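Beneath this line is the structure, given in structure tokens, with notes to follow.
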Amino acid sequence: MPLTPAQVAQVVALINQGLTQRKVATVLNVPHSSMQYAVKRYQETGRYTRRPGSGDVRCTSARDDRFIVLEILRNRFLTAVEIRQRLQIARGVNLRERTIRRRMEEVNLRAR
């Protein structure tokens, strides 16, 4: 379980005061492994915050996202498959239906 930046700051401060990592983990009631990882990350980066996640590169542009939203707003009864086909014809972009649904969910629209 990752520690919050405030917890990491506390951990670093206590370790700098001379407490062992095990003692700090016990005092702050946090898992030793999480604390150890956070200290290592702080030593490498000098920051208390976590690094950004390593997800896949986004396969749609802002323009493609806008196209998807506009199509569904023009006709609420379109399915993700139909939007995908229209996107393929209009923009030459080939996406999975699941990607279309995710983009719709991002803007709080329901896919049919």
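Sort through ARG58, ARG74 and tell me the only one that's within 30 Å of LEU109 (Cα to Cα), basic (Lys, Arg) and modelled with pLDDT of 90 or more. Don't jump to the end; show me each part of the working.
Details: ARG58 fails: modelled with pLDDT of 90 or more.
Matching residue, one of ARG58, ARG74: ARG74.
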Close pairs (7 angstrom Cβ cut-off, 6 or more residues apart or separate chains): part of a helix (DSSP H, G or I) in segment 75-89, among the small types (Gly, Ala, Ser) and surrounded by 10 or more Cβ atoms within 10 Å (Cβ to Cβ) anywhere = ALA80/ALA111
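For segment 97-112, does any single residue satisfy the condition of being in a helix (DSSP H, G or I), basic (Lys, Arg) and more than 21 Å from the chain's Cα centre (by Cα)?
No, segment 97-112 contains no residue that is in a helix (DSSP H, G or I), basic (Lys, Arg) and more than 21 Å from the chain's Cα centre (by Cα).
Among the residues of segment 4-19, which ones are surrounded by 11 or more Cβ atoms within 10 Å (Cβ to Cβ) and in a loop (DSSP other than H, G, I, E, B)? Explain how you work it out, then say what you get.
Going residue by residue through segment 4-19, those that are surrounded by 11 or more Cβ atoms within 10 Å (Cβ to Cβ) are 4-5, 7-15, 19.
Correct list: THR4, LEU19.
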Scanning segment 20-47 for residues that are among the polar types (S, T, N, Q) and exposed (fewer than 12 other Cβ atoms within 10 Å of the Cβ) gives THR20, ASN29, SER33, GLN43, THR45
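Do you know which residues across segment 11-56 are closer than 30 Å to ARG102 by Cα and of a type in the set (Val, Ile, Thr)? Don't jump to the end; show me each part of the working.
As a first pass, look at segment 11-56 and keep what is closer than 30 Å to ARG102 by Cα: 49-56.
Residue satisfying the conditions is THR49 alone.
Quick check on segment 24-46. Is at least one of its residues in contact with a His (Cβ under 6 Å, 6 or more places away or on another chain) and not polar (S, T, N, Q)?
Within segment 24-46 (the criterion being in contact with a His (Cβ under 6 Å, 6 or more places away or on another chain) and not polar (S, T, N, Q)), the answer is yes, since at least one residue qualifies.
Considering every residue within segment 61-68, establish whether at least one is among the basic types (Lys, Arg) and part of a helix (DSSP H, G or I).
yes
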Any residue in segment 48-59 that is over 30 Å from GLN7 (Cα atoms) and surrounded by 11 or more Cβ atoms within 10 Å (Cβ to Cβ)?
-> yes
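The values are calculated or read from the model by the stated rules, or taken from the named source; none is laboratory data. Please read these numbers as outputs of a predicted model, since none were measured by experiment. Positions of Cβ are backbone-derived with ideal geometry, glycine not excepted, and every protein chain shown enters the neighbour counts.
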